[in-house]
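For reference, the structure is listed below as structure tokens.
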Amino acid sequence: MQLTSFAPVTSLLWKYLESCDIDPAPLYRKAGIDPKLIANPQARINVDRVDKLWEQAIIAIDDPTFGVKMVEHWHPSMMGALGYAWLVSSTLRRAMGRVDRYIHAVSEGLDTKLEDTPAGLKLSFLIDDSVDIKPQQHTLIIAVVLHMCRFNYGDELVASEICLARDEPDDKTAIDSFFRSEVRFGAEVDSITIARADADAELSSANKQIALMHDEMLMKYLIEIKKGDIVDQVKNIILENLPDGQVTDSLVASELNLSERSMQRRLQEHQTTFRFLLDTVREMVAKQYIENPMNRMSDIAFLLGFSEQSAFSRAFKKWTGKSPLEYRNSMD
């Protein structure tokens, strides 16, 4: 299956090339990308073409640190609904959580891991083996996240840890100037860690209703783009059928035109099971519903296919370590 990226995200590179007095159009066409696509929020571009574009750009720009210089041209629209959901998140923890959940809306070549560490809240980026990522892109990914954090929190924000999975350049002045903290080069993965107090501070730009609206848009968008392997297909069918009541393996297999045994065998090839995927989707949707204070817990339980609210509460505590009410209160 071809991995794809949200087309407008490549407009960041376009704007930076223009700022360097380089005509971007020939580079995009040489990479097989129609320049008109970058302004189309419905378009996606194969990741291998984005790789080719970066190869062309690196030759044209000839600066090992230009990734960090690109962030001044960043705009929320370059990440679509995820960018706007970030802007109205109530805390940086919530914003980073949205990146963790919806990163494939921006690029299927990336996966993320969000975790609490002694140094703070850590967001790591895991690059798909098929992606030919360049050193400047490693820097750009983390620079954009910090830029977005500062956009919400304030320019005074400094990360407690920055790790880049690239070699240290001969001249790292631009990188040090932007991050304003020690950068560890040669890391296994790219990551940024924000001190817990900063990650959990309430943001004045927060708007829960708008954030939840964008969450809904992102969930629907992911359904549209995830029509490839068996795992994504099963998750999408579960998501679409949850409001109708109990979702069973026989129902999902039927919609895939497979026997239950064939579906389970194909899922095992991906080191997963129907039960695990069902719980994963339920947990994701449950969190979205719980975050909206207008939703009653009994209604949420019903929408997720639980016959009783108590069964939903037990399942949610197993997934998150918190009861649904405790989780909602922790969002305030």
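Among the residues of region 190-200, write down those that are surrounded by 14 or more Cβ atoms within 10 Å (Cβ to Cβ) and out of contact with any helix residue (DSSP H, G or I) (no Cβ under 7 Å at 6 or more places or on another chain). Those that are surrounded by 14 or more Cβ atoms within 10 Å (Cβ to Cβ) and out of contact with any helix residue (DSSP H, G or I) (no Cβ under 7 Å at 6 or more places or on another chain): Ser191, Thr193, Ala195, Arg196. If you go through region 36-79 and keep only what is under 19 Å from the mean Cα position of the chain (by Cα), farther than 30 Å from Arg180 by Cβ and in a loop (DSSP other than H, G, I, E, B), you end up with Pro41, Gln42, Ala43.
Take the conditions (1) out of contact with any Cys (no Cβ under 8 Å at 6 or more places or on another chain); (2) surrounded by fewer than 16 Cβ atoms within 10 Å (Cβ to Cβ); (3) assigned by TED's automatic domain parsing to the domain that holds Glu108; (4) outside any loop (DSSP other than H, G, I, E, B); Arg184 misses just one of them, which is (1).
Among residues of region 170-198 that are free of Cβ contacts under 8 Å to residues at least 12 places away in the same chain, those with a Cβ under 8 angstrom from a residue that is assigned to a strand (DSSP E or B) and of a type in the set (A, V, I, L, M), sequence gap 6+ or separate chain, pair up as Asp176/Val183. Among the residues examined, Phe316 does not qualify as touching a Lys or Arg at 6+ places or on another chain (Cβ under 9 Å) and not in a helix (DSSP H, G or I). When Ala311, Ala286 are screened for being touching a residue at least 24 places away in the same chain (Cβ under 8 Å) and either within 20 Å of Thr248 (Cα to Cα) or acidic (Asp, Glu) (or both), only Ala286 passes.
Just give me the residues in region 114-143 being of a type in the set (Lys, Arg) and surrounded by fewer than 19 Cβ atoms within 10 Å (Cβ to Cβ), in sequence order. Result: Lys134, single match.
Among residues of region 89-114 that are within 22 Å of Pro41 (Cβ to Cβ) and in contact (Cβ under 8 Å) with a residue 40 or more places away in the chain, those with a beta-carbon under 9 Å from a residue that is in a strand (DSSP E or B) and aromatic (Phe, Trp, Tyr) at least six positions away or on a different chain give the pairs Ala105/Phe6; Val106/Phe6; Ser107/Phe6.
The values are calculated or read from the model by the stated rules, or taken from the named source; none is laboratory data. Please read all numbers here as calculations on a predicted model, not as lab measurements. Quick reminder, even Gly has a Cβ in these numbers, built from the backbone with ideal geometry, and neighbours come from all protein chains shown.
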